[in-house]
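The values are calculated or read from the model by the stated rules, or taken from the named source; none is laboratory data. Owing to the predicted nature of the structure, the values given are computational and were not obtained by experimental measurement. Because the Cβ atoms are built from the backbone with ideal geometry, glycine has one as well, and the counts that use them run over all protein chains shown.
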Amino acid sequence: MPFGVPFAVLLGGALFVIGLYIDQLNAVFDQPTLRQALATCIDLTWLPKPWPLNLDPLFEGSDALPEYAVCAQRPSTWLTALLARYEINVPIADYPAGTIYTSDPTMPTAECFLVSDGAFAAVGSADRIRNLWRENRPNEDLKTFYTPRGAIITPGLTDAHAHTLQWGFKEQLPLAGSRSIKEIIQKIEAYVRSHPEVEADRSRWIRGLGWDQTRFEEGRWPTAADLESSPLLAGRRIALVRVDVHATWVSQAVLDMLPNPLPLSDEEIEKNGGKVMRGPDGALSGVFVDTAEALLPLPPPSPEEKRAWFELAARDALSVGLVGIHDAFADAADVGFYKGLADEGKLPLRMYLMGTLPSEPIPTSLTSPTNTSSPSEWPHLPRLHGYGPQSHLTLRGIKLFADGALGSFGAALLEPYSDDSTTSGLMRTNPEVLRSQIEALAERGWQVNTHAIGDRANQVVLDVYEDVLTKKGMRAEEWRPRIEHAQIMTPADLERIGRLGVIPSVQPTHATSDMGYAESRLGPDRIKGAYAYKTLLSNSRRSIMPLGSDFPVEGINPLLGFYAAVSRLDTEGNSPHGIGGWYPEQKLSRAEALAGMTTSAAYASFAEDVHGAIRVGLKADWVMWDRDIMQVPVEEILQAKVRATVVDGEIEYGEMYLCGMWAIGCRGY
């Protein structure tokens, strides 16, 4: 209908009534008409907060918000009717009510929560929050944020197994998804041509990450000769890390830097958990697997490179709803780097580091002394508990390696590989050395996080964990030993890991990435104990199973893991078993998947009383999503976007709007 004077009067009166209903009404006068103002305010716009992140407090001076409430917006029937009666095209009735998913089993969902000094001070209904405020602050207004239509809130998510700096590292020359050796060479050539400083200096190192020979059209491992075939790349120092970070492919120029013969024989290298690949003539082919990678004279990254990599990783993590990362490989230099960031107050994420120690007698460089596995000679690593002014840095666990990876035939199996009967994989660390390390660390009060993929490796680790727990009097709830990946297990060990209280730290996207070749590699019997996430969770005596991504092996977006866990499908909706999912009996529910990224991840890092749920007393870490990932059809999960990521009650990504009910007169933060 036309906008005549009677309509304007009627609409103005309606807006006045709305103003009486809401807590506060800040009129929007900069719109050409009230109709546009109403439509614009209800259909909120959310904009990303630019980098750098968390370098300055978000709320300062007069804008400080030490206390505020957040409520899920719920459609009003009378307002919907009013808009429809006067043909105002704001279809709010078509959108579902917002929900706050708490990950707190005592109150799975809530309508509102109150934030005070960076923590959740109250959780419950809007009436409860309002009444609590009025009882304690009768003369003060409660600033309240409302979710946009259809949006939901979850606790902030934690990636329970990832490699933060390597995410930034891979971005300089990403190779993931390459379908052939030829395609990789083309990508390297394009990189060189687009970086004049690299093209001009043939002695400059070129490094990349992400190749996977199981996807190559050539059907074979790459070689140094492949790189030498390109006139632009010939003679250059090139080192390319496999997608699982368990093998490195190097150029002939790098091979020429190695002594001939190598300081260790092939047999000695394999005995210590590594492998060097050779051609038919016996010469080094250019691929080094697992511990053999330590033979390569790769230059360490500079502090400037690390800072750039971290900033890239932090930006990407916050933009997809991550508030914390369990970093699964932090050597002494990395620990020092993170301490420096923490001292500066520039850790916008909660970083739970797994320190690393020498675990094999292979030199880290050609000039360094052989590493020792003796606990008395390990380098000193500081124990850090909520370190720094933000309390975001913790180091109380040590990462050990039992074996390698399945894709590079490095996972240690009890029987030979089904598609290569000549090998059963590699124990990266000698079982007796591994036992001495685990026992020594347990005695010193360190959590132990052991990488184990193959069924033999998992069995060896569980044998040691069981002895420590049963013979040395350790309690699982106090020690919280973890197996990182827990990928392939015998039926007996699937039961044993839960009975012992050992924490399986798994990565659901590994299942959907590997499902194209895993069954042929393991055979029809072993595959039943592989990627068995539902079984692992059901057997856990505390229902604890943290979920991670292992990025950059997989993508950084936690919704990729969430989707893989609940669907057992690839991102195109396919699997070897059809649209129902790969071994669908191992699917998790959405509540279980969310818990894996919230409460389980917190428990696995001794932080269940710090964060991981929207519960009174915990840190106010939460994420607002543009749609309900807990309810939408499974094929829509990956379409969800983050509207805001909040850590310690402060917005680290996105924006929120301070509004009255239905967002009249919103003020952006």
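Figures for the structure shown
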read-out	value
Flag for S285 being assigned to a strand (DSSP E or B) and either without any contact (Cβ under 8 Å) to a residue 12 or more places away in the chain or not assigned by TED's automatic domain parsing to the domain that holds G404 (or both)	yes
All helices (runs of 4 or more DSSP H) inside the range 137-200 with 2 or more residues being out of contact with any Pro (no Cβ under 6 Å at 6 or more places or on another chain) and either in contact (Cβ under 8 Å) with a residue 24 or more places away in the chain or surrounded by 21 or more Cβ atoms within 10 Å (Cβ to Cβ) (or both)	164-170, 181-194
In the range 569-585, residue surrounded by the most Cβ atoms within 10 Å (Cβ to Cβ) [restricted to those that are touching a residue at least 24 places away in the same chain (Cβ under 8 Å) and touching a Leu at 6+ places or on another chain (Cβ under 9 Å)]	W582
Unique match (being on the phi < 0 side of the Ramachandran plot, of a type in the set (G, A, S) and not in a loop (DSSP other than H, G, I, E, B)) among A613, A595	A595
Of all residues making up the range 115-136, the number that are on the phi > 0 side of the Ramachandran plot and free of Cβ contacts under 8 Å to residues at least 60 places away in the same chain	1
Residue count, the range 611-639 (criterion: closer than 18 Å to G321 by Cβ and either among the acidic types (D, E) or without any contact (Cβ under 8 Å) to a residue 12 or more places away in the chain (or both))	5
Filter result for the condition that a residue is assigned by TED's automatic domain parsing to the domain that holds L434, touching an Asp or Glu at 6+ places or on another chain (Cβ under 6 Å) and among the polar types (S, T, N, Q), over T470, T509	T509
The range 598-610, residues that are touching a residue at least 12 places away in the same chain (Cβ under 8 Å), assigned to a loop (DSSP other than H, G, I, E, B) and under 13 Å from P155 (Cα atoms)	T598, V610
Filter result for the condition that a residue is over 24 Å from Y533 (Cα atoms) and in contact (Cβ under 8 Å) with a residue 40 or more places away in the chain, over V433, V468, V461	V433
Residues of the range 310-345 satisfying the condition of being outside any helix (DSSP H, G or I), in contact with a Pro (Cβ under 8 Å, 6 or more places away or on another chain) and over 23 Å from S600 (Cα atoms)	G345
Residues of the range 407-452 that turn out to be assigned to a loop (DSSP other than H, G, I, E, B), of a type in the set (A, V, I, L, M) and crowded, with 18+ Cβ neighbours inside 10 Å, as a count	4
